[in-house]
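The values are calculated or read from the model by the stated rules, or taken from the named source; none is laboratory data. These numbers come from a predicted model, not from an experiment. Please note: Cβ atoms are built from the backbone with ideal geometry, for glycine as well, and neighbour counts cover all protein chains shown.
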Amino acid sequence: MNTAKTFAYVPGEHEAEKASNSYLMSMVALIAGLHLPIVNLVATLIFYLSNRKATYFVRWHCTQALLSQLSMLFVNSTGFWWTIRIIFTDEKVSNRYFAYILVALIFDIIEFIATIYAAIETRKGKHVSWIIFGPLTNIICRP
Amino acid sequence: MIMKKIILPALFFIALFFGAWYALSKVDWIRIFRIEKIAASTEQKLGDYYWDYFSKIQHENKSTKIYAPVDSIVTRLCEANNIDRKTIKLHIVETEEINAFALPNGHLVVFTGLIKGCESDAELAGVLGHEMAHIQKGHVMKKLIKEVGLSALMSIASGKGGKAASETAKLLSSAAYDRKLEKEADLTSVEYMENAHINPEPFADFLFRLSKETKPGDNYLAWISTHPDSEERSKYILAAITNKSEKYTDIVSAATWQQLQDAVKELQ
């Protein structure tokens, strides 16, 4: 899922730290917000907005972190509201429900591992471009 | 470029997600996680706990004169609606309060005040049918989970509930379910009665009559005061009766009903 590529320039120490923080932020938010998926997105969005005027390297990684959170928001929100419906309405637990939660969990774990890897690499000043989200970030985020 | 680097990989991951979901749905997780057994055992423990709590603070009347006619009504409703009679555990409690409520695991608690407040066996059948509907539709556990939370219920079931357990017991006996569930129970009761050839109209009359008698802070009419809009309820119950021309039959004889009334009046 992660593909390391060279960036347009070599980022400085301060930039590497900030870019790495964007992934750490989304990781912490993921742990805290699993019960309420919107927490992940809001936390990453706040970090993204506060770094809108940062350098290209920082902005690029904040955008990639935000996009990846956005994709998982739909998956986790569905699981969250399905669970709420089971608890509070006539909806019954089913094999389809368990299968969904399991697949969502597997995707969450993959994203979690990818986020840890990206946080470590960007902290070293290395550029990490994820499949789908990397090219998408290239379109959204300009130097 | 966009097609190759974004759209195609995105479609691949979406297909992977739905494919994995579909494949894993074929596994019988309900059996693997023993969901039904765990749910049934938790409900049984909760039912026993709550009934134990009520039986300690109130006196259960097991005399044949009172128990048998009420049991006949419950049995008639069960037989006509394919409900296993053994799943309904009828308890008659001596108190002036006009109330009846359902506890987890099919415990149906009826106060002698309610029997006294009913003018016919059909009126009592309407209320019993309403509470049986709460049991059959799984409303009792739903209400508990909603009000108390799943984790608190699990601790009550394992005997670690403490004070919270007695607080929730009061909730079961003196608070209504939400509007949607109450209406569902009312309409199911009408259906039960019609299937059992019992006239549902007296059930509507009972609600209408007691709603007129209810005054603020009137604790003796708990079943009415905790179930809002009794007048509206009586209207939609009347509207839900489908077989108006059907010949209804009595559940117990007039003499047995009178004996029951005399027996509950003697208690006070």
Evaluation of B:F54 against (1) more than 8 Å from chain A (Cβ to nearest Cβ); (2) out of contact with any Asp or Glu (no Cβ under 9 Å at 6 or more places or on another chain); (3) not polar (S, T, N, Q) (one fails), failing number | (2)
Spans of helices (runs of 4 or more DSSP H) in the range A:50-143 with at least 2 residues surrounded by 14 or more Cβ atoms within 10 Å (Cβ to Cβ) and among the small types (G, A, S) | A:56-88, A:95-123
Give the range B:182-205 a look and list any residue that's closer than 28 Å to B:L144 by Cα and surrounded by fewer than 19 Cβ atoms within 10 Å (Cβ to Cβ), or say none.
-> B:K183, B:E184, B:L187, B:E191
Kindly list the number of the only condition in (1) touching a residue at least 60 places away in the same chain (Cβ under 8 Å); (2) within 14 Å of chain A (Cβ to nearest Cβ) that fails for B:W21.
-> (1)
State the number of residues belonging to the range A:112-141 that are in contact (Cβ under 8 Å) with a residue 40 or more places away in the chain and either more than 11 Å from chain B (Cβ to nearest Cβ) or within 13 Å of A:G79 (Cα to Cα) (or both).
-> 18
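With in the same structural domain as B:L181 (by TED's automatic domain parsing), under 30 Å from A:N76 (Cα atoms) and without any contact (Cβ under 8 Å) to a residue 60 or more places away in the chain as the only criterion, which of B:I83, B:I38 stands out? Before you say what the answer is, go through the steps one by one.
Working: B:I83 fails: under 30 Å from A:N76 (Cα atoms).
Checking each option against the conditions leaves just B:I38.
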Picking from B:I7, B:I57, the residue that is of a type in the set (A, V, I, L, M, F, W, C), within 30 Å of B:H107 (Cβ to Cβ) and over 21 Å from the mean Cα position of the chain (by Cα) would be B:I57
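Do the conditions hold for A:F98, that is, is it among the aromatic types (F, W, Y) and without any contact (Cβ under 8 Å) to a residue 40 or more places away in the chain? Explain how you work it out, then say what you get.
Details: among the aromatic types (F, W, Y): yes; without any contact (Cβ under 8 Å) to a residue 40 or more places away in the chain: yes.
Considered against the rule, which asks whether it is among the aromatic types (F, W, Y) and without any contact (Cβ under 8 Å) to a residue 40 or more places away in the chain, A:F98 comes out as yes.
Of everything in the range B:26-42 that's at pLDDT below 85 and surrounded by 14 or more Cβ atoms within 10 Å (Cβ to Cβ), which residue is farthest from the other protein chains (Cβ to nearest Cβ)? Even if it seems obvious, please write down each step before you answer.
First, the residues of the range B:26-42 that are at pLDDT below 85: B:30-42.
Then keep just the ones that are surrounded by 14 or more Cβ atoms within 10 Å (Cβ to Cβ); that gives B:30, B:35, B:42.
Working: B:I30: 6, B:I35: 6, B:T42: 14 Å.
Selected residue: B:T42.
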Would you mind telling me which numbered condition in (1) in contact with a Gly (Cβ under 6 Å, 6 or more places away or on another chain); (2) within 14 Å of another protein chain (Cβ to nearest Cβ) B:L77 fails?
-> (2)
